[in-house]
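Encoded as structure tokens, the structure appears first; notes follow it.
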């Protein structure tokens, strides 16, 4: 196939060219005049399976022919005659071994990192070991680094890598994937030294960014019939620029740096790199412009010298559109609109971006037109139904079962799908309503049994709940093998349901992928050692996050979403380069906890700029396509973004070429993007809807409440609409799913503590001691409050105010004492046919026979002024008591009514009985109730709230927010 050559044989294709198509065309041209078996003798080595699939598809589309022997770089060791090496150690096994090693390190040095970062550290160390093996860097190179002038952290990391030396220097019977790959390549090269193949060997598509691959590329290029084919080689770059790329610390982020390194290794000059085919790039003039724009920083002064010599810029950028959206959503919508247009016109189009959030937003926008793009990344397994289900089940081992965790699993589509799914959902709904209303916050077998008795729930369903959800929390450590067995057994039981039939947990693509993860974890679990439930849940989540699920059955054939790696081997009529902001493209370098940049350079490892250089090469290849969109969002999360360095260079270069119409060309690119942004804004424009007016409904008098509690009078004054919603519409707020130690529960518990303590001390005044008070408080907190932290905090508050409360209580006992607790009251407001009901927390009688009424407040007690105008609870209770409205009491004078504040500090606020006597209070109450008995009186929303920031249970029903307190109420007669 190739003429004899004294130099290594290296070919290339320019940026923007469809590389697989050019590769296949070049092979066909070189074998056209040869026998049919000539192509079959070619050994073609590519770097990714995607590249291999595309090449096979292109051959299938052409005329019938024998195919070359197609293989991957990573598959060279699969033939026994080449490697004679045992299979590599599974990466999961090595990861588990490293996890145990790092766990012991963190136990000894807890200040090194948080325990939650255990698996991240294991991942990063595994990646470092892979890199050392792939680059041929021995552990001694790390151990011999001089870190005397660096911080102690790097010295500890250096020592720890030495501890992991046994993994790096493992023998041939325990090689990691990268170590085995390097050994395979070394064996292959040794064989070629003595028995070079006489058939063509072509390595195509690799840039030589990894040491092992570079070593193989050098060997292939020197074979008698060997050749390299490089993708995206910049034929327009001058020689002096190539020679300026020799220093890695300065130039590794340049897109052509890896090719320069290969040329140095092969002792070649840029002129020695030949074109694989005579096909021109889609836009040679654009390639020259981009090449100049991406020059390394020390020679950007070349813009001044070479920029004026650029020609044909109008045609070069005619098919380039620049979209600068105001937000990521606007960017996604414009991209989706362009992809829809491509789908309608039959144009193949692809979005290329490393930003997965952008791709999800674009997919969601395309869904409105029923377009499902072919997303090469798929869905992370942890976000798929089986992945979420397994993580929820593993969470049962970690935390005590609460209502949220229980119902999250019960409502999951994979729960109880072995049969009777509909009945299961009905039972789940009933259980949810009961948990919201009655609790407990932490369901257990006893509470579920009580629920079954109360509601007559099916016994088999309750037994299934109790057996698989309750008491699953495990505090200590267990071997990983047992964790995996427990998870698999429990997940399958929950999926099967109470009927016992097998569920669909492992069905479909996602289920099969999840099963493969569980099977792999089960087989390697003996190497994992003991771990806590939290560590196991974190490990499971990390493993699931590392896998992806794809469903190609219903995707649109011409609309694709690619990562930058996929874009290297695919071709499309339109390429959209999305998310061109710093930190996204190029991505920010991940922090390395083991080696800093200086240590990496001295050890001969890859620098962080390597990834930036690869991204730059991807950008240079993609922007050379026939039609290109460049998109970015100028703001994200209420902050300004910074344009990608490559886009910034390109726009600055165009702006600085006025003689070639550079500013006008750039403006035209932006105008084309602005047109699509305008169309997307028009698409988003909603039909104007008039905001709601402030409601003031006027229901029929017969439908209005004929009874209110004494505590609701305040609400009737401040927010009448809440009374209307509760008593006329009969709407009640749904209780929170997750019961929490909130102010309501604290008020209930404090009331019960005070009631029990005061009742006990009525018979024996000697019990009025701090010790007895706190003992009673602690016992009742344990009984009623399931949260240890809340119990301690609330008990501490009671301890702080205990002395003040007891001193005031002893003073109260000096003149009478308690005679009733939670005393019921009912008073009829004649002639209005309206009743006031309620309960008084505590009633005392003094030595003169007069009553004292007390109400306990765990919040801030209302001031006397607030009581006189709004919060009339105690004033009404006192008036009702004087009228004989308290059950078991004859009419009696009320000497005092006091709010006892039991919040952060002890406080007593008396009701203004002198200025607000009983007859006045009742007269005002009758006037208030009488007003709401009139047909023309509406229940106005938020009529007189204390503060604008106060919220109510029915604000959303009143559509508060569409109006404010300055809006006039709109009365509405209801029938």
Filtering helices (runs of 4 or more DSSP H) wholly in region 455-562 for at least 2 residues that are under 26 Å from the mean Cα position of the chain (by Cα) and exposed (fewer than 15 other Cβ atoms within 10 Å of the Cβ) gives 508-524
Taking only region 264-278 into account, find how many residues are farther than 22 Å from residue 22 by Cα, touching a helix residue (DSSP H, G or I) at 6+ places or on another chain (Cβ under 8 Å) and either assigned to a helix (DSSP H, G or I) or in the same structural domain as residue 622 (by TED's automatic domain parsing) (or both). 2
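Hey, can you tell me all the residues within region 953-974 that are touching a strand residue (DSSP E or B) at 6+ places or on another chain (Cβ under 7 Å) and farther than 16 Å from residue 718 by Cβ? First the steps, then the outcome.
Looking only at region 953-974, we keep the residues that are touching a strand residue (DSSP E or B) at 6+ places or on another chain (Cβ under 7 Å), and these are 958, 963, 967-974.
Across region 953-974, the qualifying residues are 963, 967, 968, 970, 971, 972, 973, 974.
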Condition test on residue 675, is it surrounded by fewer than 21 Cβ atoms within 10 Å (Cβ to Cβ) and free of Cβ contacts under 8 Å to residues at least 12 places away in the same chain? yes
Would you check if there is a residue in region 211-227 being buried (at least 19 other Cβ atoms within 10 Å of the Cβ), in contact with a strand residue (DSSP E or B) (Cβ under 9 Å, 6 or more places away or on another chain), assigned to a strand (DSSP E or B) and modelled with pLDDT of 90 or more? yes
What are the residues in region 821-842 that are within 13 Å of residue 881 (Cα to Cα) and over 55 Å from the mean Cα position of the chain (by Cα), if any? 827, 828
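For region 909-932, give me each residue that is exposed (fewer than 14 other Cβ atoms within 10 Å of the Cβ) and closer than 15 Å to residue 716 by Cα.
As a first pass, look at region 909-932 and keep what is exposed (fewer than 14 other Cβ atoms within 10 Å of the Cβ): 914-915, 919-920, 923, 927, 931.
Within region 909-932, 927, 931 qualify.
Would it be correct to say that residue 567 is crowded, with 22+ Cβ neighbours inside 10 Å, closer than 29 Å to residue 325 by Cβ and either more than 27 Å from the chain's Cα centre (by Cα) or assigned by TED's automatic domain parsing to the domain that holds residue 254 (or both)? Lay out the reasoning, then the answer.
Working: crowded, with 22+ Cβ neighbours inside 10 Å: yes; closer than 29 Å to residue 325 by Cβ: yes; either more than 27 Å from the chain's Cα centre (by Cα) or assigned by TED's automatic domain parsing to the domain that holds residue 254 (or both): no.
No.
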When you scan region 234-245, how many residues do you find that are in contact (Cβ under 8 Å) with a residue 40 or more places away in the chain, touching a helix residue (DSSP H, G or I) at 6+ places or on another chain (Cβ under 6 Å) and within 24 Å of residue 213 (Cβ to Cβ)? 3
Taking region 714-761 as the region of interest, how many residues are part of a loop (DSSP other than H, G, I, E, B), farther than 23 Å from residue 905 by Cα and either outside the structural domain of residue 841 (by TED's automatic domain parsing) or in contact with a helix residue (DSSP H, G or I) (Cβ under 8 Å, 6 or more places away or on another chain) (or both)? 8
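Might you let me know whether region 338-359 holds any residue that is farther than 30 Å from residue 319 by Cβ, in contact (Cβ under 8 Å) with a residue 40 or more places away in the chain and in a helix (DSSP H, G or I)?
Just the residues of region 338-359 that are farther than 30 Å from residue 319 by Cβ, to begin with: none.
No, region 338-359 contains no residue that is farther than 30 Å from residue 319 by Cβ, in contact (Cβ under 8 Å) with a residue 40 or more places away in the chain and in a helix (DSSP H, G or I).
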Wholly enclosed helices (runs of 4 or more DSSP H) of region 12-103 bearing at least 3 residues modelled with pLDDT of 90 or more and either assigned by TED's automatic domain parsing to the domain that holds residue 158 or in contact with a helix residue (DSSP H, G or I) (Cβ under 8 Å, 6 or more places away or on another chain) (or both): 19-31, 49-61
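State all residues of region 610-642 that are under 16 Å from residue 247 (Cα atoms) and in contact with a helix residue (DSSP H, G or I) (Cβ under 8 Å, 6 or more places away or on another chain); if no residue qualifies, say none.
In the first step, residues of region 610-642 are kept if they are under 16 Å from residue 247 (Cα atoms); the result is 610, 612-613.
The answer is 613, and nothing else.
Any residue at all in region 570-589 that is within 22 Å of residue 160 (Cβ to Cβ) and either touching a strand residue (DSSP E or B) at 6+ places or on another chain (Cβ under 8 Å) or free of Cβ contacts under 8 Å to residues at least 40 places away in the same chain (or both)? Please lay out each step first, then the result.
Of all residues in region 570-589, those within 22 Å of residue 160 (Cβ to Cβ) come to 589.
Now narrow it down to the ones that are either touching a strand residue (DSSP E or B) at 6+ places or on another chain (Cβ under 8 Å) or free of Cβ contacts under 8 Å to residues at least 40 places away in the same chain (or both): 589.
Yes: region 570-589 contains one or more residues that are within 22 Å of residue 160 (Cβ to Cβ) and either touching a strand residue (DSSP E or B) at 6+ places or on another chain (Cβ under 8 Å) or free of Cβ contacts under 8 Å to residues at least 40 places away in the same chain (or both).
For every residue, the table says whether it meets (1) part of a helix (DSSP H, G or I); (2) under 52 Å from the mean Cα position of the chain (by Cα); (3) in contact (Cβ under 8 Å) with a residue 40 or more places away in the chain; (4) within 27 Å of residue 755 (Cα to Cα).
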residue	(1), (2), (3), (4)
907	no, yes, yes, yes
914	no, no, no, no
921	yes, no, yes, no
933	no, no, yes, no
Odd one out for residue 177 among (1) buried (at least 20 other Cβ atoms within 10 Å of the Cβ); (2) within 35 Å of the chain's Cα centre (by Cα): (1)
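Does residue 785 count as within 30 Å of residue 404 (Cβ to Cβ) and either at pLDDT 90 or above or out of contact with any strand residue (DSSP E or B) (no Cβ under 9 Å at 6 or more places or on another chain) (or both)? Show your work before the answer.
Details: within 30 Å of residue 404 (Cβ to Cβ): yes; either at pLDDT 90 or above or out of contact with any strand residue (DSSP E or B) (no Cβ under 9 Å at 6 or more places or on another chain) (or both): yes.
Yes, satisfied.
The values are calculated or read from the model by the stated rules, or taken from the named source; none is laboratory data. Predicted model, so just to flag it, every value in this text is computed and none were measured. Note that each Cβ is placed from the backbone with ideal geometry, even for glycine, and that neighbours are counted across all protein chains shown.
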